[in-house]
Amino acid sequence: MATPKETLWELDPHTTAKHEILRRYLAAWFPILGTYHSRIVYIDGFSGPGRYKNGEAGSPVIALDVAVSHRKSTVGEIAFWFIEEREDRLAHLKQELAAITVPAHFKITAEAGRFHEKFGKVLDSIEADKNVLAPTFAFIDPFGFSGIPFSLIERLLKHKRCEVFITFMVDAINRFLEHPEDKVVQHIVDAFGGAEAVEIAKGSGDRIVKLRELYQSKLSGAAKYVRFFEMRDRQERTQYYLFFATNSELGHLKMKEAMWKVDPDGDFRFSDATNPSQMVLFEVDPTKVLAAQVREEFRAKGTVTGFQARIFVENKTAYLKKHMTAALKHEEESGHLKIDEVKTDGKKRRANSYPDEARLTWA
Ligand SMILES: C[S@@+](CC[C@H](N)C(=O)[O-])C[C@H]1O[C@@H](n2cnc3c(N)ncnc32)[C@H](O)[C@@H]1O
């Protein structure tokens, strides 16, 4: 998609899906973080005008909408910080924000500028004073790849309970990788925090996959849990990845739940892969794929508990507990998996159940 020049532009189906993930995740994030912290921060670093051409809500309006509907379970201050480079879009956003009634504990700032400059200054001063950032969710949603230096994302992730959700425009990066202008290539180098991406252009193989793997490995060096969600077009070409990076086990789980809830239609496909050679297609029944993954993980480990299996699935794969239950049932029925009659708590196990206390042995 060409970068829109108008103040408002048309919403496309990928963006609807992205918004749906955002909405669902925030519906968990605001109440979870807002219940225990005196201040939490939602940053929309590339906020846009707040609305699309046909009246659909943009990300700032979505975030406020979700926070308003969970206002009773948030006790402390919620700071919303919207940054938009273009004055016309910012003016539109301000009009939109003015029309939303918010409770007194919401503090909204919408300002003109570049995300990396504005947020960089905030981090500089916090770090200089040896302060810590309040729990922060940063939505970084550029049209392209400039203005998203990895160093900034890394600094953000160093702060406790801070996480990022990034639109990573891999198709554009791939197309500009060998651009003759150094300035353009430098944006790519900055986005990756090093020149390895440029080296990818010189090698062989699938550049999109390699760029994704590189970014994934960079984020994995900065956060404990990294997930991505792939957006493809009708021609099956990857347009971009939505990357999520967090140090929170619960946040990771909630993001996976949000991703699984989004219903793909014919215009795009979603996928996720922890192991890049095992693409997870969200529209395909995951039972057999996950069954093979769990078997691979545990078959040489003797007897393990249901707890170990669940933690593996929840923390190390794209799947959820309900998928694990189906996968273990499949394993048991196909004779790969034996389950003890008696659980670790001394009680009898119910058929077709795989609780934390179950004892599992792969044949
Ligand atoms: C993809 S749109 C954002 C859409 C919005 N997040 C939503 O979901 O409704 C990207 C926006 O970032 C703005 N922008 C571009 N470069 C920027 C920068 N360096 N810092 C902040 N905003 C920027 C653009 O003008 C555009 O409005």
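Taken together, the values in this text are just the output of simple stated rules run on the coordinates, not laboratory data. Since the structure is predicted, the reported quantities are computational estimates derived from the model, not experimental observations. Here Cβ is always computed from backbone atoms with ideal geometry, including for glycine, and neighbour counts include all displayed protein chains.
Worth a mention:
- Whole-number percent relative contact order across region 287-362, with pairs defined as alpha carbons under 8 Å at least 6 apart: 42
- The ranking of ASP206, ASP285 by Cβ neighbour count inside 10 Å, starting from the fewest, reads ASP285, ASP206.
- Shape analysis of region 19-77 places it in the prolate category; the axes a ≥ b ≥ c from the Cα gyration tensor give an a/c of at least 1.5, with a/b above b/c.
- Global form of region 52-118, assessed from the alpha-carbon gyration tensor, a/c cut-off 1.5: oblate
- Normalised by the number of residues in the chain, the mean separation of alpha-carbon contacts (under 8 Å, six or more apart) gives a relative contact order of 12 percent.
- Label-to-label distance, nm, for residues given as LYS288 and LYS224 (7 Å Cα→Cβ offset): 3.5
- Summary value for region 34-106: 45 percent relative contact order, contacts being C-alpha pairs under 8 angstrom separated by 6+ residues.
- Rounded Å value of the spacing that divides the Cα centres of region 38-57 and region 285-333: 38
- Compared with the dominant Cα axis of the chain, that is its longest principal axis, helix 207-222 is turned about 90°.
- Of GLU117, GLU20, GLU296, the residue with the greatest mean-square motion in the GNM of the chain, using alpha carbon springs below 10 Å, is GLU296.
- Peptides 181-191, 42-52, 347-357 ordered by average Cβ neighbours within 10 Å, highest first: 42-52, 181-191, 347-357
- Kirkwood estimate for the chain, i.e. one over the average of 1/r between Cα atoms, Å: 22.0
- Spacing of the two label points (7 Å from each Cα toward its C-beta) at GLU236 and GLN95, in nm: 4.4
- Based on DSSP H segments of at least four residues, each scored -39500 (n - 2.57), the chain has a per-residue ellipticity at 222 nm of -13500 deg cm²/dmol.
- Footprinting exposure proxy for ILE311, ILE108 (fewest neighbouring C-beta atoms within 10 Å first): ILE311, ILE108
- The C-alpha atoms of the chain define a longest principal axis, and helix 87-98 lies at about 70 degrees to it.
- Listed residues THR317, THR303, THR246, most fluctuating in the chain (Gaussian network, C-alpha, under 10 Å): THR303
- Taken about its Cα centre, the chain carries a charge dipole of roughly 1280 debye when the Cβ of each Lys and Arg holds +1 and the Cβ of each Asp and Glu holds -1.
- Taking ALA17, ALA104, ALA79 in turn, the Gaussian network model of the chain (Cα-Cα springs below 10 Å) assigns the largest fluctuation to ALA104.
- Global geometry of region 1-157, whether rounded, prolate or oblate, following the gyration tensor of its Cα atoms and the 1.5 cut on a/c: oblate
- When DSSP beta bridges are restricted to pairs lying wholly in the chain, around 55% turn out antiparallel.
- For region 79-221, the residue among LEU157, HIS105, ASN174 whose Cα projects farthest onto the positive side of the dipole built from Cβ charges is HIS105.
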